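Working notes, beginning with the structure itself.
Bear in mind that the values in this text are calculations on the coordinates, not laboratory data. Worth saying up front: this structure is predicted, and the values here are computed from it rather than measured. Counting neighbours? That spans all protein chains shown, and the Cβs are built from the backbone with ideal geometry, glycine included.
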Amino acid sequence: MSTISDQDIIQAIKHAIEVGNNTTGGQNASYIPALAQVPSDLFGIAIVTCEGKVFTQGDADTPFAIESISKAFNLAHVMDKIGAKELRTRVGADPTGEPFNSVMAIELHHGSPLNPLVNAGAMATVSLVEGDTSDQIWTNIIGNMMRFTGEPLTVNQEIYKSETDTNQHNRGIAWLLKSYGYMYNDPDMVVDLYTRMCSINITAKQLAIMGACYANGGVNPIDKQRVVNQENVPCILAEMTMSGLYDGSGDWLYKAGLPGKSGVGGGLVAVAPGKLAMAVFSPPLDPCGNSVKGQAALQSIIKDLNLNLYVS
Ligand code: GLN
């Protein structure tokens with residue numbers, strides 16, 4: 001097995017910036033009005049290795065809303081608490097093949113949220129976080145995220161408010177799940193916690209650290225703390241492989257060959273198990289809600305560093 005040198009990584013990031021700069025198209029998410037206001041030309045890349053080395057270029061320290069990427073990390077907390085088997089029974093594991101906020105997917109599968117990375121499944125997963133009050137549950141949600149970053153995190157109040165004012169569709173999904181027996185706490189409280197979780201400020205560098213915890217078998221490579229049981233990491237990466245980019249997951253996997261997770265804030269993280277994680281921030285999205293430049297840039301790095309899991 002060839003090892004990846006620091007110089008290889010620096011070169012690959014430089015190349016990815018070029019590739020990203022030559023990739024146009026896409027639009028900021030606008031169904032959450034505050035996301036439409038984020039400058040579209042922000043672009044940053046970060047790589048964090050399993051040895052804890054950090055490489056960045058561009059706007060890698062600019063905070064943005066984590067959005068759906070939070071789903072892949074809250075999942076770790078709940079899986080550790082109730083076990084992968086129980087989570088599969090109560091939420092599910094299978095791809096929907098539908099957009100991230102699909103109601104039809106739920107209806108077609110007898111009310112099942114199907115997997116923890118679509119809105120329905122992510123809200124069902126939030127409803128399984130322990131705590132007697134909303135405050136206690138929130139402390140557990142953000143506490144888990146901060147173990148992954150190893151750094152304090154804040155909520156972007158503007159995005160939180162904007163998303164709260166416009167999240168009627170998610171509220172509908174939460175109550176639909178309740179009617180089918182897949183919502184394990186008060187639906188309105190769960191939507192609020194989920195919305196706040198999606199509004200957490202994150203940077204590409206922090207995202208790469210979070211992803212590197214998965215690349216490193218569940219141990220944060222910077223502060224060396226265990227953040228998730230080792231046995232759960234392959235299950236989470238399997239979820240990311242199947243559904244991390246929603247109805248764009250197949251296209252991503254053909255081109256990248258790595259588990260990834262996107263968010264409508266323009267973030268995208270990919271994990272090369274045993275090696276490193278890479279993250280990118282660029283707001284314009286394709287119709288599935290995945291960063292256009294982000295996908296091109298990470299695919300370039302994966303190619304340059306020969307990280308595709310399916311290439312022998
Ligand atoms: N908070 C967003 C929503 O619920 C997350 C969607 C996403 O990032 N794909 O619609």
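Structure above, values below:
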quantity: Out-of-range pairs (alpha-carbon distance over 25 Å; input K161/K293; K14/K255; K81/K161; K14/K261; K224/K275; K85/K303); calculated: K161/K293; K81/K161; K85/K303
quantity: T164 versus R226: modelled label distance in nm, points set 7 Å from Cα along the beta carbon direction; calculated: 3.7
quantity: DSSP-loop GluC sites (Glu not before Pro) across the range 29-134, with at most 12 other Cβ within 10 angstrom; calculated: E51, E130
quantity: For the range 164-178, Karplus couplings with θ = phi - 60° (6.51, -1.76, 1.60), whole Hz, Gly/Pro x; calculated: 5, 5, 10, 9, 4, 5, 5, 5, x, 4, 4, 6, 4, 4, 4
quantity: Footprinting exposure proxy for W138, W175 (fewest neighbouring C-beta atoms within 10 Å first); calculated: W175, W138
quantity: Calculated [θ] (222 nm, deg cm²/dmol) that DSSP helices of n ≥ 4 give over the chain, each run adding -39,500 (n - 2.57); calculated: -14000 deg cm²/dmol
quantity: Residue-span extension gain [K14 to K85] - 0.36 nm each, minus C-alpha spacing; calculated: 21.4 nm
quantity: Stretch gain in nm, segment H109-D94, where the contour uses 0.36 nm per residue and the Cα spacing is subtracted; calculated: 4.3 nm
quantity: Fewest-first ranking of L253, L268, using other Cβ atoms within 10 Å as the exposure measure; calculated: L253, L268
quantity: Per-peptide average of other Cβ atoms within 10 Å, ordering 153-159, 74-80 highest first; calculated: 74-80, 153-159
quantity: Fully extended contour minus Cα-Cα distance, from S134 to T3, at 0.36 nm per residue; calculated: 42.5 nm
quantity: Listed residue (V91, T154, P187) projecting farthest to the positive dipole end of the chain, Cβ model; calculated: V91
